Protein chains: 2
Amino acid sequence: MAETDGFTFNHTMLRIKDPAKSLNFYRDVLGMTLLHQADFEGAEFCLYFLGKLQPGETPPEDAAERARWTFAQRGVLELTHNWGSENDPNVAYHDGNSEPQGYGHIAFDVPDLDAAVAWFDANNVTFQKRPEDGRMNHIAFIRDPDGYWIEILSSSRMA
Amino acid sequence: MAETDGFTFNHTMLRIKDPAKSLNFYRDVLGMTLLHQADFEGAEFCLYFLGKLQPGETPPEDAAERARWTFAQRGVLELTHNWGSENDPNVAYHDGNSEPQGYGHIAFDVPDLDAAVAWFDANNVTFQKRPEDGRMNHIAFIRDPDGYWIEILSSSRMA
């Protein structure tokens, strides 16, 4: 359909309480790269855009080119941080899986589910569902620092 | 980092009330393709996996191969339908932007923002924010049939 040629599902946005914890988690545990950051000083919030690059995939180094590149990709995660929320005991985000429901989760494909589980355990990641829990033993769910659910699957085992 | 090589941010899951309305919207208005569907008859729900393919991009035709291909892609949208919700006046999903907040939106990059807005108007899409509303005139937000927000941006205009 000509009208939608070039439309690209670019990103998914989640609000986060503490960027130090979330950036550590998404970078160090899931291997994502911080591609672009936008600070809004007047409104006191910051947006972080992360992508999981594949080996050999290199975004442009120039900041403006890199921003345009980021917004043209698929599979980008946007994290929104309202300044100070990390020190505000009243801020806790809703994961969408208790009432009121809506959003459910994001999902990562991994080459080897057992190796990924061992890696998450080595990094003290919280599991919502380990592979051996319940009936769907070919997938797991972990939780990010805000409690959002992340499905872990291995595409080679899906059908 | 070797432990995360091959990790891929595959999909984002949203619950939907009425698959007829949502599939029409994501296919006809946003140009996505239904890549894989999984019916769970015992638990009475269905999962729809959609991707926005680029011209010339062709998923495998064999169903099992196509499923594995789908779960290895970036930028897949999973829609979860609990059977009967379309006829249940008590089912309405939470968009994450009113309290309790958490999830915010998904976003599509479009080649031409003005042309995309005209296309959405021609399809009677509800706008959360037209480009001319507020200060960020280079982006818009539309709403899907459940009210989830979808940011519309043009990567060539981002920096």
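We did not get these values from a lab; they are worked out from the coordinates using the rules stated. Small disclaimer: the values here were computed from a predicted structure and weren't measured. Heads up, the Cβs are rebuilt from the backbone with ideal geometry, glycines too, and the neighbour counts pull from every protein chain shown.
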- prompt: Do you know which residues across region B:88-123 are farther than 30 Å from A:Val91 by Cβ and assigned to a loop (DSSP other than H, G, I, E, B)?
  reply: B:Asp88, B:Pro89, B:Val110, B:Pro111, B:Asp112, B:Asn123
query: Looking at (1) under 16 Å from A:Leu23 (Cα atoms); (2) within 11 Å of chain B (Cβ to nearest Cβ); (3) part of a loop (DSSP other than H, G, I, E, B); (4) free of Cβ contacts under 8 Å to residues at least 60 places away in the same chain, can you tell me which one A:Leu47 breaks?
result: (3)
- prompt: Is it fair to say A:Gly56 is more than 10 Å from chain B (Cβ to nearest Cβ), over 19 Å from the mean Cα position of the chain (by Cα) and in contact (Cβ under 8 Å) with a residue 24 or more places away in the chain?
  reply: no
- prompt: Is it the case that some residue within region B:76-87 is β-branched (Val, Ile, Thr), within 28 Å of B:Phe141 (Cα to Cα) and assigned to a strand (DSSP E or B)?
  reply: yes
task: For region B:141-156, state whether one or more residues are part of a loop (DSSP other than H, G, I, E, B), under 22 Å from A:Val76 (Cβ atoms) and among the aromatic types (Phe, Trp, Tyr).
output: yes
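Looking at region B:65-88, which of the residues that are charged (D, E, K, R) and more than 8 Å from chain A (Cβ to nearest Cβ) is farthest from A:Thr70 (Cα to Cα)?
B:Asp88
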task: Select from region B:89-124 the residues that are within 20 Å of A:Tyr103 (Cβ to Cβ), in contact (Cβ under 8 Å) with a residue 24 or more places away in the chain and more than 8 Å from every other protein chain (Cβ to nearest Cβ) and write down the one among them that is surrounded by the fewest Cβ atoms within 10 Å (Cβ to Cβ).
output: B:Ala92
query: What tally of residues in region B:59-88 results from selecting those that are of a type outside the set (A, V, I, L, M, F, W, C) and surrounded by 15 or more Cβ atoms within 10 Å (Cβ to Cβ)?
result: 13
message: Restricting to region A:1-33, count the residues that are under 11 Å from the mean Cα position of the chain (by Cα) and more than 7 Å from chain B (Cβ to nearest Cβ).
response: 9
- request: Run A:Ser22 past the list (1) touching a helix residue (DSSP H, G or I) at 6+ places or on another chain (Cβ under 8 Å); (2) in contact (Cβ under 8 Å) with a residue 24 or more places away in the chain and report the number of the one that doesn't hold.
  value: (1)
